[in-house]
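Worksheet: the structure to be examined is printed underneath.
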Amino acid sequence: MKTRVGILTAGGDCPGLNATIRGVAKALYQRMGDDVEIIGIINGYSGLIKGESRMMNPHDFSGILTVGGTILGTKRTPFKMMKVVEEDGVDKVAAMKKHYADLKLDCLLCLGGNGTHKTADLLCKEGLNIIGLPKTIDNDIYGTDVTFGFHTAVEIATDAIDRIHTTAGSHSRCMVVELMGNKAGWLALYAGIAGGADIILLPEFPYSIENVCIAIEKRAKQNKSFSILAVAEGAMDVEEARMKSKERTARRAEQGYTTPTNRIARQIEEMTGFETRVCVPGHMQRGGSPCPYDRVLATQFGAYAAKLVANKEYGVTVAMKGTVVTHNKLSDVAGKAHLVPEGHGMLEIARLMGISLG
């Protein structure tokens, strides 16, 4: 009797998805040979709901270690909508359970971020055999020190900041670089330090625009003609931090912004007189080939997931703690976030380097 393993990639794409898929597949074939069949679910949970899948073969996993994106495709299917029957009349949870059974799956591997893990935990509680693998450039999945995709995104974001330095210096401008990270500021923190940013603003620590401007003016007094700000897209000022999410969104809509960067640029110009521009690397941060670190990490995670399949250990998600690959219960991870804590070593490094955190 062959073991039938389903694999899906859900949520946003990121570098390392294909490397992880490859790691899982090669390790499964190495362990189980012809006694395993791998079924690719197309476009994440959307494909599981609709019954879209294809039988994979060893050739499908060749040559994808360095390829960005995902060979299985992905779509965002919000967790909050999973139990909501919409106009199409589809019971999503029932449909996923049905297609899991129709495919005669022994287990399903779900590669994704926080939303993906919440749905994975939901399916686990519905009786399906689930294994999670932590993917996100935000590095915000609880219980793991690092996620695949994060280090590649740090390299891309750092490169953007590096390039901004030359134009900022040439034109004596303040440059506000908007980096991804809606709730967690790991990417902005690491890329900001690596790229030599002068000010780093994170969602976890509300900023004061007055403090931002003080830092810029201090540099000007030291005959430094430009300043670089690395700003996570989810950063908020102290006033917004007191608001509920919907109030904050409404306030920004009234002001004509969705993220704080354009407002910050306008305020800097008004308060200091320094010419200020905004740069948004955007989806470039989550695209392209994974860096060597992420290729290795993805392979480690994939191989470990294959071991979990062989041992029939389900209801867990793979994790890296220190230098050891291990796993956590899905129920212990789902719905929790890995945020930058006060007192974290990288925050202390930033402060010691004279970087303002707003």
State which residue pairs qualify: first residue at positive phi and inside region 324-343, second residue not in a strand (DSSP E or B) in any location, beta carbons under 7 Å apart, and separation of 6 or more residues or different chains. Gly335/Lys118
Taking Gly302, is it over 19 Å from Asp140 (Cβ atoms), outside any strand (DSSP E or B) and open to solvent by less than 60 Å² (accessible area, probe 1.4 Å)? yes
Go through (1) closer than 22 Å to Val325 by Cβ; (2) in a helix (DSSP H, G or I); (3) open to solvent by 10 Å² or more (accessible area, probe 1.4 Å) and name the single condition Ala153 misses. (3)
From Leu339, Leu308, which residue is part of a helix (DSSP H, G or I) and modelled with pLDDT of 95 or more? Leu308
Do you know which of the residues in region 134-145 that are part of a loop (DSSP other than H, G, I, E, B) and farther than 21 Å from Ala197 by Cβ is most open to solvent (accessible area, probe 1.4 Å)? Tyr142
Can you tell me which condition Thr119 does not meet? The list is (1) closer than 30 Å to Thr3 by Cβ; (2) within 15 Å of the chain's Cα centre (by Cα); (3) assigned to a helix (DSSP H, G or I), and all the others hold. (2)
List pairs: first residue in region 286-305 and of a type in the set (S, T, N, Q), second residue open to solvent by less than 10 Å² (accessible area, probe 1.4 Å) anywhere in the structure, Cβ distance under 6 angstrom, at least six positions apart or on different chains. Thr299/Gly23
Any residue that is open to solvent by 70 Å² or more (accessible area, probe 1.4 Å) and part of a loop (DSSP other than H, G, I, E, B) - is there at least one of those in region 318-329? yes
Select from region 282-299 the residues that are at pLDDT 95 or above and surrounded by 18 or more Cβ atoms within 10 Å (Cβ to Cβ) and write down the one among them that is farthest from Val212 (Cα to Cα). Thr299
Is it the case that Gly12 is small (Gly, Ala, Ser), at pLDDT below 95 and out of contact with any Leu (no Cβ under 7 Å at 6 or more places or on another chain)? yes
Consider Gly335 against the criteria (1) closer than 22 Å to Ala188 by Cα; (2) in contact with a Lys or Arg (Cβ under 7 Å, 6 or more places away or on another chain): it satisfies all of them except one. Which criterion is unmet? (1)
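The values are calculated or read from the model by the stated rules, or taken from the named source; none is laboratory data. Note that the structure is predicted; figures quoted are calculated from it, not measured. Here the Cβ is made from the backbone with ideal geometry for all residues, glycine too, and neighbour counts use every protein chain on show. Ligands, DNA and RNA are stripped out before the accessible areas are found, and what is left, the full protein with its side chains, is counted by its heavy atoms. Shrake-Rupley method; radii C 1.70, N 1.55, O 1.52, S 1.80 Å.
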